[in-house]
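Colleague: Dumping the structure here so I can ask a few things about it.
Nothing in this text is a laboratory measurement; each read-out follows from the coordinates by a stated rule. None of the values given here were measured: they were computed from a predicted structure. Using ideal geometry, Cβ is built from the backbone for each residue, glycine included, and neighbour counts are taken over all protein chains shown.
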Amino acid sequence: MQIKAKILHHKKVKPGYYRVALIACGIAKEAQAGQFVEIKVNDAWEPLLRRPFSIHRTQGSAFEVLYEVVGQATRLLSRKKPGEYLEVIGPLGKGFDFCSDSYAPLLVAGGMGVAPLVFLAEKMAASNKRATVLLGARDKNSILCEEVFRKLGFSVKIATDNGSRGFRGYVSGLLEHELAAGSFMPQLVIYACGPRPMLQEISRISRHHNIPAWVSLEEHMACGLGVCLGCVVDTVDGYQRVCKEGPVFEARRIIWKSKSAKGERLCPQSLLFR
């Protein structure tokens with residue numbers, strides 16, 4: 001659906017982090033956890049392209065987006081007021097699949113990767129399913145959505161890069177630490193979202209422990225519709241589009257490699273998103 005969505009509310013949740021709710025009944029009704037929307041932040045030529053944002057949660061006829069101000073587009077978005085309209089396309093992509101009831105879910109979020117996992121957690125809670133959540137952040141002031149998961153009855157463990165709270169190190173290190181300590185049930189399934197290096201490490205760990213894992217990839221998506229081919233990733237099934245066949249993939253099906261590895265060229269479209 002492509003619509004003009006009215007801003008219901010727009011709040012700063014922490015310095016540099018915002019949550020915006022948009023009235024879009026069709027999108028809110030059809031959205032699945034892990035899907036995303038493409039938002040045009042203004043009607044001017046700059047920035048030219050829409051920006052992809054995970055659907056953070058849905059409430060009635062509205063859906064929410066949680067975002068961090070990191071560039072021109074998100075700075076412009078942060079200035080929008082309730083009552084204004086934004087052009088939105090969505091819901092897009094493939095979301096998370098629930099595994100059988102015999103598996104205990106483990107949600108792993110790195111930084112802004114927490115955004116789609118709140119939606120997933122609320123769907124789980126509505127189905128009377130509880131999970132453990134591992135949250136990773138730069139420092140204690142950058143931890144997002146902890147209180148939301150706790151209110152849902154989920155167990156939450158924290159990792160910070162500088163050790164200002166919880167485990168000192170990356171959230172993937174916390175996962176490895178907890179697995180070594182035997183903190184989880186034997187039959188476990190991982191749902192993860194975050195930076196690509198984190199997801200690559202989560203994939204390695206899940207393979208080593210023979211744990212099924214689903215990862216939501218963060219890639220630059222110019223169109224969001226699978227047309228421009230600017231967000232392809234290498235998989236065991238060949239190159240696939242993150243915006244169409246993803247953003248959620250089974251971790252073991254991704255062929256993980258650095259996009260800036262020697263002999264490879266960076267996608268020129270990445271320059272458009274700075």
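Colleague: Calculate the spin-label point distance for GLU84 paired with GLU146, positioning each point 7 Å from the Cα along the beta-carbon direction, and give it in nanometres.
Modeller: Calculated label separation equals 3.2 nm.
Colleague: Relative to the present Cα-Cα distance, how much length would full extension add between GLU68 and LEU225 at 0.36 nm per residue of separation?
Modeller: Details: separation 157, 0.36 × 157 = 56.52 nm, distance 2.33 nm.
That works out to 54.2 nm of additional length.
Colleague: Rounded if a/c is under 1.5, else prolate if a/b beats b/c, else oblate: with a ≥ b ≥ c from the C-alpha gyration tensor eigenvalues square-rooted, which is region 19-62? Don't skip to the answer; put the middle values down first.
Modeller: Numbers: a/c = 2.60, a/b = 1.94, b/c = 1.34.
Because a/c hits 1.5 or more and a/b exceeds b/c, region 19-62 counts as prolate.
Colleague: Can you figure out the FRET efficiency of ASP97 with ASN42, using R₀ = 35 Å and their beta-carbon distance, to the nearest 0.05? Don't skip to the answer; put the middle values down first.
Modeller: On the way: r = 36 Å, r/R0 = 1.02.
Efficiency, rounded to the nearest 0.05: 0.45.
Colleague: What net charge is computed for the residues neighbouring LYS94, neighbours being all others with C-beta under 9 Å from the C-beta of LYS94, Lys and Arg scored +1, Asp and Glu -1? Show your work: numbers first, answer last.
Modeller: Details: positive: LYS244; negative: ASP97, GLU245.
Counting the neighbours of LYS94, the net charge comes to -1.
Colleague: Using a/c under 1.5 as the rounded threshold, could you call region 113-191 rounded, prolate or oblate? The axes a ≥ b ≥ c are square roots of the C-alpha gyration tensor eigenvalues, and prolate needs a/b larger than b/c, oblate otherwise.
Modeller: Cα axes put region 113-191 in the oblate bin.
Colleague: Then there's this: How large is ³J(HN,Hα) for each residue in region 40-56, as worked out from phi by the Karplus curve 6.51 cos²θ - 1.76 cosθ + 1.60 (θ = phi - 60°), to whole Hz, x for Gly and Pro?
Modeller: Computed from phi, the couplings for region 40-56 are 8, 7, 7, 9, 7, 6, 10, x, 5, 9, 5, 10, x, 9, 5, 6, 7 Hz.
Colleague: Rounded to the nearest 20 Debye, what is the dipole magnitude of region 107-256 about its Cα centre when Lys and Arg each give +1 and Asp and Glu each give -1 at the C-beta?
Modeller: Working: 17 positive and 14 negative charges, 65 e Å.
Computed charge dipole of region 107-256: roughly 320 debye.
Colleague: Pop the C-beta distance of GLN59 and ILE255 into the FRET formula with R0 = 35 Å and round what comes out to the nearest 0.05.
Modeller: Values: r = 38 Å, r/R0 = 1.09.
Step by step, r from the Cβ atoms, then E = 0.40.
Colleague: Right, next: To the nearest 20 Debye, how big is the dipole of the chain about its Cα centre, given +1 on the beta carbon of each Lys and Arg and -1 on that of each Asp and Glu?
Modeller: 580
Colleague: For ARG138, what charge total do you get from the other residues with a beta carbon under 15 Å from its beta carbon, if Lys and Arg give +1 and Asp and Glu give -1? List each step's numbers first, then the result.
Modeller: Numbers: positive: LYS14, LYS140, ARG165, ARG168; negative: GLU68, ASP139, GLU146, ASP161.
Cβ neighbours under 15 Å give a net charge of 0.
Colleague: Summing Lys, Arg as +1 and Asp, Glu as -1, what charge do residues with Cβ under 9 Å from the Cβ of ILE158 carry, ILE158 excluded?
Modeller: With Lys, Arg at +1 and Asp, Glu at -1, the net is +2.
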